[in-house]
Amino acid sequence: MNSATVRNLLVRGMLAGLGAGVLALFVAFFLGEPNVDKAIGFEETHAATHEHEVELVSRSLQSTAGLATGVLIYGIAFGGIAALAYCFCLGRVGRFTPRATALLLSACALAVVYVVPFLKYPANPPAVGNPDTIGNRTTLYFLMIVLSVLLAVAAALLGKRLAPKLGTWNATVTAVGAFALAIGLAFAFLPAVNEVPSGFPATVLWRFRLSALAIQATLWGGFGLVFGELAERLLNPDPPLAVAASTSAVAAPG
């Protein structure tokens, strides 16, 4: 793959990330923000002190322009990174079409980068979590992400090495099983974090976490679909039907 193709895929990845970010923005606004408001209401109601504090950024601005800016910038950035990862994976993960490779990459990235760490350290709304432990909680979360990515890479290498001996299917099952076992051990040895305050509505917490998962699923799923289509058009510009029709026309007698 030459540098021009990589550059074109990078641009398309950022555009796909922007498009996926727009979809995720709607999910975040309509599903996530109502639960954030409820959590903030609980925090204000049960605060130890009720001293008036000047807001540097109003809540209405945070939930509209601030939310849009954060989600869209994140979408563009992760789209570019995912496009570079796609350039590396294309042709190395099996005989998949460019579109199928994009969908496979998106699904695996969603599982490894977000879902696995989420299962150990799920997202929390405002009012959940001790401010004094935010540094420790952030460190544990990013440690879980790093472990998940490294173990996924190790599992992929294991599967590739075992494929000639066991076959593709058995090697894949073995690699996935090894990954699940290693993740289970990481879950067992890493410290648990449970700082939900007494009386916090379980429904709000549950819906907030589901909305956080839905946002990421929309972001990665939308990216896989959009980028897969763009990559397919770039790398395979001639549709199979058009190629078959032109071949038949050449072969047909005059």
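The values are calculated or read from the model by the stated rules, or taken from the named source; none is laboratory data. Predicted model, so just to flag it, every value in this text is computed and none were measured. Quick reminder, even Gly has a Cβ in these numbers, built from the backbone with ideal geometry, and neighbours come from all protein chains shown. To get the accessible areas, we keep the full protein, side chains included, count just its heavy atoms, and leave off ligands, DNA and RNA. Shrake-Rupley method; radii C 1.70, N 1.55, O 1.52, S 1.80 Å.
Things worth noting here:
- Volume in Å³ per residue [convex hull over Cα atoms, computed for the range 37-160]: 143 Å³
- Net charge of the neighbourhood of Ala171, taken over other residues with C-beta under 9 Å away and scored Lys/Arg +1, Asp/Glu -1, is +3.
- Per-q log10 I(q)/I(0), the range 137-213, q = 0.20 Å⁻¹ (Debye; single scatterer per alpha-carbon; no solvent): -0.92
- Accessible area in square angstrom per residue, the chain, 1.4 angstrom probe: 61 Å²
- Computed over the alpha-carbon atoms, the range 113-177 gives an Rg to Rh ratio of 1.22, Rh here being the Kirkwood radius from the mean inverse distance.
- Computed about the Cα centre, the dipole magnitude for the range 1-139 is approximately 1180 debye when only Lys and Arg (+1) and Asp and Glu (-1) carry charge, each at its Cβ.
- At the listed q of 0.07, 0.17 Å⁻¹, the Debye profile of the chain, built from one uniform point per Cα, gives log10 I(q)/I(0) equal to -0.34, -1.36.
- Just checking the listed ones, Ile134, Ile145, Ile73: in the Gaussian network model of the chain with Cα springs under 10 Å, the one fluctuating most is Ile134.
- Dipole of the chain, positive end: most advanced residue of Gly224, Tyr121, Leu213 [Cβ charges, Cα centre]: Gly224
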